[in-house]
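The values are calculated or read from the model by the stated rules, or taken from the named source; none is laboratory data. Just so we're clear, the structure is a prediction, and the values are computed from it rather than from any experiment. We place every Cβ from the backbone using ideal geometry, glycine too, and count neighbours over all the protein chains shown. For accessibility, only protein heavy atoms count, side chains too; no ligands or nucleic acids. Shrake-Rupley method; radii C 1.70, N 1.55, O 1.52, S 1.80 Å.
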Number of protein chains: 4
Amino acid sequence: MRYFRICGEDRDHLAVQEGDLAYDLTTANESIGSFRDLAAAASITGDPIDAVTDRLLDRAPTVGRAALEDARRPLDPDEVWAAGVTYEISEQAREAESGMPEMYLNVYEGDRPEIFFKATAERTVGPGAAIGVREDSEWDVPEPELAMVLYRGEVVGFTIGNDVSSRSIEGENALYLPQAKVYDRCCAVGPAVVSAATVDDPHDLEMSMTITRDDETLYDESTSTGEMVRTCEELASYYTCHNAVPELAVLLTGTSLVPSEEFTLREGDLVAIDIDGIGRLKNPVVTV
Amino acid sequence: MRYFRICGEDRDHLAVQEGDLAYDLTTANESIGSFRDLAAAASITGDPIDAVTDRLLDRAPTVGRAALEDARRPLDPDEVWAAGVTYEISEQAREAESGMPEMYLNVYEGDRPEIFFKATAERTVGPGAAIGVREDSEWDVPEPELAMVLYRGEVVGFTIGNDVSSRSIEGENALYLPQAKVYDRCCAVGPAVVSAATVDDPHDLEMSMTITRDDETLYDESTSTGEMVRTCEELASYYTCHNAVPELAVLLTGTSLVPSEEFTLREGDLVAIDIDGIGRLKNPVVTV
Amino acid sequence: MRYFRICGEDRDHLAVQEGDLAYDLTTANESIGSFRDLAAAASITGDPIDAVTDRLLDRAPTVGRAALEDARRPLDPDEVWAAGVTYEISEQAREAESGMPEMYLNVYEGDRPEIFFKATAERTVGPGAAIGVREDSEWDVPEPELAMVLYRGEVVGFTIGNDVSSRSIEGENALYLPQAKVYDRCCAVGPAVVSAATVDDPHDLEMSMTITRDDETLYDESTSTGEMVRTCEELASYYTCHNAVPELAVLLTGTSLVPSEEFTLREGDLVAIDIDGIGRLKNPVVTV
Amino acid sequence: MRYFRICGEDRDHLAVQEGDLAYDLTTANESIGSFRDLAAAASITGDPIDAVTDRLLDRAPTVGRAALEDARRPLDPDEVWAAGVTYEISEQAREAESGMPEMYLNVYEGDRPEIFFKATAERTVGPGAAIGVREDSEWDVPEPELAMVLYRGEVVGFTIGNDVSSRSIEGENALYLPQAKVYDRCCAVGPAVVSAATVDDPHDLEMSMTITRDDETLYDESTSTGEMVRTCEELASYYTCHNAVPELAVLLTGTSLVPSEEFTLREGDLVAIDIDGIGRLKNPVVTV
């Protein structure tokens, strides 16, 4: 099932889409104000998330399609992490931008993946909201990625993530990675969280990205998560081991759609990312 | 099952007693920090509270008996309400203290029960903590009562309540009731919340109270909730109808153990209330 | 100064009106999201509330008049209390509706005022939102009142309150007062909180109320808070003494504008209350 | 002034030390439960933090020395960041452990400092609590550092930080830095927050560290923050620029006390860090 956050009268509501219809779960039960509440209840009772939802559907009023199109960031993660060089093309891009290419090759081929702190909820926008490029950066790119949603370390769902990055700052020195990655509006997630049970195989999903400037399409490519050289389980296990992970986290799995080297994002560009079964995450760009 | 709040290392834990053993539910699942969390999960998934607990028991470490004896207020109610003149003896006591006896008789015999706002969590103490008598009051009494616990208006459990009251202020004028009833440390609840499913018949419970001063027993009587002229359902329905009740509330059901008229509570007295299957709620008295 | 809560992009903002202009204090300092935050800071530093505001004004952008007209409930009180029979006309009305008139006369003339729990934030609406009349009540009235705002027991401001009440339930028996007073949408406050320093004399304010049905004016009277037989200090001192008052409370001071006995509120009626220097609180009526 | 968090009866209290005496600020004003509350009030009113404290002292009861010695983590930061290679010795150590020495030299000499996400409050311990070394790491070191406390991006105080790190994981590949730095119990701060106004010159503070194992001193060296090649202002400005920094953050300034290469922390070791005017931060070591 696909979970959205929609605007209610006094507070946001959690809605779920099932086939052609969508249902307001918060109206069905006031104790469910968010995906976090639903995941907490399922964790406590040991039920699958969708089973909890199923039992609520007959009390849940239907929701118009327009509400889903105006959906907000589908969850408030306590933290967002991301993985790097998990696709061959990404490894090549890092080698090209860096003066130290072997560092990326070693990670690409090594047992331990690269994972890094990406954002807090305050730095993360939802569908339709502006993603940012740093004013002190010259070369900026979107990074479309499949994102895992973890409740207390367990993968409970998937969403789309955009790991917007400064390639010029990262390229200058790998130690500048946090500044290339973590800043105002550096991350987007949405439009929905799809429960883990709904995704047959997260390593076999079509993913595409288009970038538009002044109505002109500058980039339009697609790939498959099957190209990833790591598994989701592997990435999640490195994130959670020896770690005090928070209640609700997002873990991006790395990118494989890389615009050519002459491309950089500009204020006003529009980035749209599609992943089969999750939806389309669309964001304009602003300078921050 | 009987639910207690015990002290953990960094935060309070929810524990449950089953026969001779008790289990730490918060250690079993960090998302359950309190009875409220458990009730919320059960409400969301539609499971009975004890069924949720059952599934957690094999992961829950056992808890020593000492921890239960140091248990704290078992829940943080958003508000506490109470019912009045629900027992014949209480009706007689109110008549005697008041210049307007027919008012109490009318309520005792009327369709609509008397229910009133009693306390907030901040005014309510747990087992072992001091209950208060107002410094501007001359005649003060404990009122031992069976208490319902309501989650979003549904009765999910029972506990013991002590509706400490100033009879001199209430007796002066019925309009002074809120000042006779609502003040610092005016209420005690505990020691545990017993799930509704565990109580065969809330209208057939033995209840007793002892009051001790300087090791001398001043009062020691018992009664049965079977003496109540209202049902719990009736009281709960008058509390919830046309009302915006909060997530977690306590509703006391009225008293039938009334010390003789010459008795008044003094600082240092010790009040102990027992209800079958719930436990013993014991509190010293201070002047506030 | 007059403080309003207005809608911001992601959260509500606190705005202040000074003469013809209004300023957004939350934009001036993100730590001030509400009147409570401002009162807390003033309480901690020992500054008058308006002095804190004064220092923020040069960083605060101006706010359009339309935003003030769409203002929401100006504060989220932890609890609302109210006083009864503080005006002669109110005492007469209570005598008339009750079978026990002497009870009201005694309070009117007694040392101790009548104060009672009126509402929580969840039961209290802001300007423009619907106030409620109980479906099980036949005779319902608005009660326009000057309202004190207390921060940790200190009077820090004033607003307008509407203590909507069921006279039939209260009239049946004084012990039913909580049910006549406390229910869904039983209270309105707003449109603004005026700092205590701004009000020269709370016992010399013009107050008026109009009630309109289908564009016809059914009631239009005015009075002065000078008619009150209690002082604000006296009412506040009885509320706070021996009591564990919450951080932020509202205390209504009683009513003196009483429609004639044949009048009862109906769904669709519009009630507007004006108090000099505070503004106009306008609410439609619904059945709850 | 030096601010501590001490245990109160029902909640933690904020205490301040002035000369030989310490005072309980939470008892003086219930609205101040933490350093964050104090910083928020000072930010709102524009007062210096210590000026706010000054006005509260006459209402604040004194606190025994024992309470300060049992002080807990002095603040709950929304996030902790840290700077790297800000001292010459640290640059040398990184070169030595890494196969890519020029990367560290470039940062040491470059305009842009290295700053990175270090921890959340949940991963950060206070004085006396155990710091962690990862079970999958072979070479682990404490990193004693002067730490800035930032309220909404402004430096309002200083504390001591211990940036516990896995040198083997970081040494394997610079891209593994987040895993070498961020894990369970990876950070310690305390024992107190010293207000910025109390520190004459943060670039002229004596700092020392001792490491003890089985009562034997394995390391005992001292240095001065005067050896730092960056200023605090510079580090803070890189952290805050183009960034959505949270309300309350800690920024560690880098290390210059580096045990010899054969040393690694073991479970049971005791690490004590002293900085002039701030105090001593002492923590045992556990494997996580």
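Computed values, structure above
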{"item": "Value at 222 nm in deg cm²/dmol, rounded to 500, when DSSP H runs of n ≥ 4 in chain B each add -39,500 (n - 2.57)", "result": "-6000 deg cm²/dmol"}
{"item": "Cleavage-rule hits (chymotrypsin sites (Phe, Trp or Tyr not before Pro)) in the stretch C:1-99: DSSP loop, at most 10 neighbouring Cβ within 10 angstrom", "result": "none"}
{"item": "Heavy-atom SASA rank of D:ASP140, A:ASP276 (probe 1.4 Å, accessible area, largest first)", "result": "A:ASP276, D:ASP140"}
{"item": "Three-way shape label, the stretch B:1-54, alpha-carbon gyration tensor, a/c 1.5", "result": "oblate"}
{"item": "Electrostatic dipole magnitude of chain D [Cβ: Lys, Arg +1; Asp, Glu -1; Cα centre; debye, to 20]", "result": "840 debye"}
{"item": "Shape call, the stretch B:125-194: gyration tensor on alpha carbons, a/c limit 1.5", "result": "prolate"}
{"item": "3J(HN,Hα) from dihedral phi, the stretch C:140-147, Karplus parametrisation 6.51/-1.76/1.60, rounded to Hz, x for glycine, proline", "result": "10, 9, x, 10, x, 8, 5, 10"}
{"item": "Three-way shape label, the stretch B:79-287, alpha-carbon gyration tensor, a/c 1.5", "result": "rounded"}
{"item": "GluC sites (Glu not before Pro) restricted to DSSP loop in the stretch C:1-82 with at most 12 other C-beta within 10 Å", "result": "C:GLU9"}
{"item": "For D:LYS118, distant residues with modelled amide H under 5 Å away", "result": "D:VAL80, D:TRP81, D:ALA82"}
{"item": "Charge sum, other residues only, whose C-beta stays under 14 Å from D:THR287's C-beta, Lys/Arg counted +1 and Asp/Glu -1", "result": "-4"}
{"item": "3J(HN,Hα) from dihedral phi, the stretch D:75-86, Karplus parametrisation 6.51/-1.76/1.60, rounded to Hz, x for glycine, proline", "result": "7, 10, x, 5, 7, 10, 10, 9, 9, x, 6, 9"}
{"item": "Per-residue ³J(HN,Hα) for the stretch C:31-37, Karplus 6.51 cos²θ - 1.76 cosθ + 1.60, θ = phi - 60°, Hz, x for Gly and Pro", "result": "6, 9, x, 7, 4, 4, 4"}
{"item": "Charge-dipole axis of chain C as Lys and Arg at +1 and Asp and Glu at -1 on Cβ define it, positive-most pick from C:ALA66, C:MET148, C:PHE116", "result": "C:ALA66"}
{"item": "Other protein chain Cβ atoms within 10 Å, averaged over every residue that makes up A:131-142", "result": "1"}
{"item": "Of D:GLU122, D:GLU135, D:GLU234, the one that fluctuates the most in a GNM where chain D has Cα springs shorter than 10 Å", "result": "D:GLU135"}
{"item": "Exercise: per-residue mean of other protein chain Cβ atoms within 10 Å, B:43-56", "result": "5"}
{"item": "Under-5 Å amide H pairs with C:SER224, H placed in peptide plane, nonlocal only", "result": "C:MET207"}
{"item": "Positive-end extreme of charge dipole, chain C - chosen from C:CYS232, C:ILE273, C:TYR183 (charges on Cβ)", "result": "C:TYR183"}
{"item": "Dmax and Rg, reported as Rg then Dmax, of the protein assembly as shown (C-alpha, Å)", "result": "31.9, 94"}
{"item": "GNM result for chain B, Cα springs below 10 Å: residue of B:ILE273, B:ILE169, B:ILE44 fluctuating most strongly", "result": "B:ILE44"}
{"item": "Assigned charges on the beta-carbon of Lys, Arg, Asp, Glu; the stretch B:2-69 dipole about Cα centre (debye)", "result": "120 debye"}
{"item": "Residue with peak Gaussian network fluctuation, chain B [Cα springs, cutoff 10 Å], from B:SER137, B:SER31, B:SER43", "result": "B:SER31"}
{"item": "Per-residue average of Cβ from other chains inside 10 Å of C:184-196", "result": "1"}
